[in-house]
Amino acid sequence: MLRYNDRVWLNDERISSTGSIVCYSGESSWKKFNSEEPEHIRFVEIADCHSKVRIHQSDLESLQEYIDKIREMKKALERYIQRLEVEKN
């Protein structure tokens, strides 16, 4: 399984804030329950100076359900950006 690991700083380098987003899919450093195989994990982690949230694929979700969850998050962010653009103008 190929690993995907994308890390992006969200703030300009001149600002001391530590906003970031990490998107990861791959092996973890721990093993599956009752197995010697590494656990495969998928998550999106969004962080700022004081808080962090991780949206992950749970054992109860299919890959498609996880993709759908991330798409819904993307849609909500797009709506929020559009609203802020209206406020700005």
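The values are calculated or read from the model by the stated rules, or taken from the named source; none is laboratory data. These numbers come from a predicted model, not from an experiment. FYI the Cβ positions are ideal-geometry reconstructions off the backbone, even for glycines, and counts take in every protein chain you see.
Restricting attention to the range 1-19 and to residues that are surrounded by 10 or more Cβ atoms within 10 Å (Cβ to Cβ) and within 16 Å of the chain's Cα centre (by Cα), the residue that is modelled with the lowest pLDDT turns out to be THR18.
Scanning the range 60-70 for residues that are surrounded by 10 or more Cβ atoms within 10 Å (Cβ to Cβ) and either farther than 20 Å from GLY26 by Cβ or not charged (D, E, K, R) (or both) turns up LEU63, TYR66, ILE67, ASP68, ILE70.
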